[in-house]
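Take a look at the structure set out below.
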Amino acid sequence: MSLQQQIKDEIKEAMKAKDEIRLSVVRGLSAAMTNELVAKGKKPTDELSDDEALGVIKRASKQRQDSIAQFRAGGREDLASKEEAELKVIDGYLPAALPREEIVKIAQAKIAELGADKSKMGVLIGAVVKETKGAADGALVKTVIQELLG
């Protein structure tokens, strides 16, 4: 079953369970996926590939993380806690993030392979993220590479 279809099925399950937060999140994700289809020039009834659906979910996760930071900075803990609850639901659809040690190993291999230095940091970051197939957080990859290149 595709990731998009799984999310559509979860809408029904969340309705039956009367889980308001989960229902709100999966409806939002489903709508975001439909918007992505339309933006790509496809019909709303088509289906995204799992990689495309994962991209939509990652954007939703990043948006929630940014919102949490903004709400905390503004002293709105009530709104931040709501966003955190939504983020937990969204993160359930994301693959487990790679541990830092794995990212370091991959980055070291890419540095050796590409013979990269500080001037090619952007290329190196892109290569490592591509190698991990999106399972590594881009900010963490950047930090690891900066430490390795000194």
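The values are calculated or read from the model by the stated rules, or taken from the named source; none is laboratory data. Everything numeric here is computed off the predicted structure, so don't read it as measured data. All Cβ positions, even for glycine, are placed from backbone atoms using ideal geometry, and neighbour counts span all protein chains on display. Ligands, DNA and RNA are stripped out before the accessible areas are found, and what is left, the full protein with its side chains, is counted by its heavy atoms. Shrake-Rupley method; radii C 1.70, N 1.55, O 1.52, S 1.80 Å.
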Inside region 54-77, the number of residues satisfying the requirement of being surrounded by fewer than 16 Cβ atoms within 10 Å (Cβ to Cβ) and basic (Lys, Arg) is 4
Can you report the number of residues in region 105-120 which are assigned to a helix (DSSP H, G or I) and open to solvent by 40 Å² or more (accessible area, probe 1.4 Å)? 9
Do we find a residue being touching a Ser or Thr at 6+ places or on another chain (Cβ under 6 Å), loosely packed, with under 13 Cβ neighbours inside 10 Å and either touching a residue at least 60 places away in the same chain (Cβ under 8 Å) or farther than 26 Å from Thr132 by Cβ (or both) anywhere in region 39-53? yes
Considering only residues that are within 14 Å of Ala60 (Cβ to Cβ) and charged (D, E, K, R), look in region 27-50 and name the one that is farthest from the chain's Cα centre (by Cα). Arg27
Restricting to region 121-138, name every residue that is open to solvent by less than 60 Å² (accessible area, probe 1.4 Å) and of a type in the set (A, V, I, L, M). Met121, Leu124, Ile125, Ala127, Val128, Val129, Ala135, Ala136
Only one of Glu36, Glu86 is among the acidic types (Asp, Glu), touching a residue at least 40 places away in the same chain (Cβ under 8 Å), closer than 28 Å to Met1 by Cα and surrounded by 14 or more Cβ atoms within 10 Å (Cβ to Cβ). Can you tell me which? Glu86
Do you know which of the residues in region 5-26 that are in contact with a helix residue (DSSP H, G or I) (Cβ under 6 Å, 6 or more places away or on another chain) and within 19 Å of Gln63 (Cα to Cα) is surrounded by the fewest Cβ atoms within 10 Å (Cβ to Cβ)? Ile21
